[in-house]
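Participant: First the structure, which I've put down as structure tokens, then a few questions once you've had a look.
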Amino acid sequence: MKHSVNSMPKVNDIISMARSEKRTYLLEHESKTIMKIYKLPVMQFTVAETEDEAVKAADTIGYPVVLKILSPDVIHKSDVGGVIINVKDADEVREGFKTIVANVKKHKENVQIRGIFVEEFAPKGVEVIIGAIKDPQFGPALMFGLGGIFVEVLKDVSFRVAPITSYDAQEMIQEIKGYPILTGIRGQEARDIKALANILLQVSKLVTDYPVINQLDLNPVFSYPKGAKCVDARIILEESNESE
Ligand code: ADP
Ligand code: MG
């Protein structure tokens, strides 16, 4: 497996950094850097520590951009007003930077802020959720479902124990009840199932290569007629042992 051998040092560096700070929750730029190494489709992004840096990043990425809080204390970013999408120019970047910092501080006074994550804006797609969770008995299992009410209310999800084959990945997608939404109903274009299967496959490789990953959530992934984008990514590590 040429791929994972090449990627080992860098992924390990990110994990060691989190460990050295006694964090199990990887920040979004850390998770997405790991995902990039595993050829998962993420958008262009930069971490900005100041408003000026954020503007520079946004100018480079191109407008509109998305701004998100980067904090080890904030796991659900939009719950605390930590995400602003569709930011259209430099003034809006400055304004958004201030708003996010103020919003997050309102929720927790001594919140640690590492910066603002500046990301390329992804056009709306059909929302799917891809995840991996460790079962104490079976090891890492992969999950696939459609986003929003499909997962939360209808629990319309499929599972497989990792590692999976590309055939398994296709099956996981086809067996959810909402599958017709992906093949195109009511004049909607069919979605790129292969792109989704590929994400499942790469996530399977990642969690198999790194058993230290306890949980991985891609929520949402936007699914398009051509391709897909992992819009949000959260990786949680195992609690570390004394011996590490
Ligand atoms: P959290 O789940 O921690 O609240 P997300 O990163 O999922 O934060 O962002 C919240 C929502 O904002 C997403 O569900 C998505 O609809 C939207 N969003 C986030 N990042 C982007 C992006 N790069 N492009 C377009 N929309 C985005
Ligand atoms: Mg999310």
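The values are calculated or read from the model by the stated rules, or taken from the named source; none is laboratory data. Values in this document were obtained by computation on a predicted structure and should not be read as measured data. As a convention, Cβ positions derive from the backbone with ideal geometry for all residues, glycine included, and neighbour counts pool all protein chains shown. These area figures cover heavy atoms from the full protein model, side chains too; ligands, DNA and RNA do not enter into them. Shrake-Rupley method; radii C 1.70, N 1.55, O 1.52, S 1.80 Å.
Participant: Simple spin-label model, 7 Å along Cα-to-Cβ: residue 49 to residue 22 in nm?
Facilitator: Spacing of the two 7 Å Cα→Cβ label points: 2.3 nm.
Participant: Once you have a ≥ b ≥ c as the square roots of the Cα gyration tensor eigenvalues for segment 1-109, tell me rounded if a/c is under 1.5, and otherwise prolate or oblate according to whether a/b is larger than b/c.
Facilitator: The shape class here is oblate.
Participant: If I build a Gaussian network model for the chain, linking alpha-carbon pairs within less than 10 angstrom, which residue out of 137, 112, 170 has the largest mean-square fluctuation?
Facilitator: Of 137, 112, 170, the Gaussian network model singles out 137 as fluctuating most.
Participant: Okay, next question. Residue 194: which lysines have alpha carbons under 20 Å from its alpha carbon, excluding same-chain residues fewer than 8 sequence positions away?
Facilitator: Residue 194 reaches 36, 39, 124, 177, 205, 226, 229.
Participant: Something else: Tally up the carbon and sulfur contribution to the accessible surface of segment 88-159 as a whole percent, 1.4 Å probe, everything protein left in place.
Facilitator: 57
Participant: Within segment 115-216, report the chymotrypsin sites (Phe, Trp or Tyr not before Pro) that DSSP leaves as loop and that have at most 13 other Cβ atoms within 10 Å.
Facilitator: Within segment 115-216, the qualifying chymotrypsin sites (Phe, Trp or Tyr not before Pro) (loop, at most 13 other Cβ atoms within 10 Å) are 138.
Participant: Okay, moving on. Looking at segment 22-119, which trypsin sites (Lys or Arg not before Pro) are DSSP coil and have at most 10 other C-beta atoms within 10 Å of their C-beta?
Facilitator: Answer in residue order: 22.
Participant: Still on this model: Assuming R0 = 22 Å, can you tell me the calculated FRET efficiency for the pair residue 63 and residue 36, based on Cβ-Cβ distance, to the nearest 0.05?
Facilitator: Efficiency for this residue pair is about 0.50.
Participant: Please give me, ordered by residue number, the trypsin sites (Lys or Arg not before Pro) of segment 168-244 that lie in loop per DSSP and have at most 10 other Cβ atoms within 10 Å.
Facilitator: Counting only loop positions with at most 10 other Cβ atoms within 10 Å, the trypsin sites (Lys or Arg not before Pro) in segment 168-244 are 186, 226.
Participant: Answer rounded, prolate or oblate for the chain, using the Cα gyration tensor with square roots of eigenvalues a ≥ b ≥ c: rounded when a/c is under 1.5, else prolate when a/b is larger than b/c, else oblate.
Facilitator: oblate
Participant: Under the rule of -39500 (n - 2.57) per DSSP H run of 4 or more residues, summed and divided by the residues of the chain, what mean residue ellipticity at 222 nm is obtained, to the nearest 500 deg cm²/dmol?
Facilitator: Rounded to the nearest 500, the figure is -11500 deg cm²/dmol.
Participant: With the cut-off at 1.5 for a/c, could you classify segment 96-239 from its C-alpha gyration tensor as rounded, prolate or oblate?
Facilitator: Oblate shape, in that a/c is at least 1.5 and b/c is the bigger or equal ratio.
Participant: Here's another thing I want to ask about it. Considering the chain as a Gaussian network with a 10 Å cut-off on Cα pairs, which listed residue, 228, 162, 102, attains the greatest mean-square fluctuation?
Facilitator: 102
Participant: With a probe of 1.4 Å, find how much accessible area segment 25-150 has per residue, and write the answer as a whole number in Å².
Facilitator: I get 47 Å² per residue for this part.
Participant: Taking the Cα centre of the chain as origin, sum charge times position over the Cβ atoms of Lys and Arg (+1) and Asp and Glu (-1), and report the length of that vector in debye to the nearest 20.
Facilitator: My answer is approximately 460 debye.
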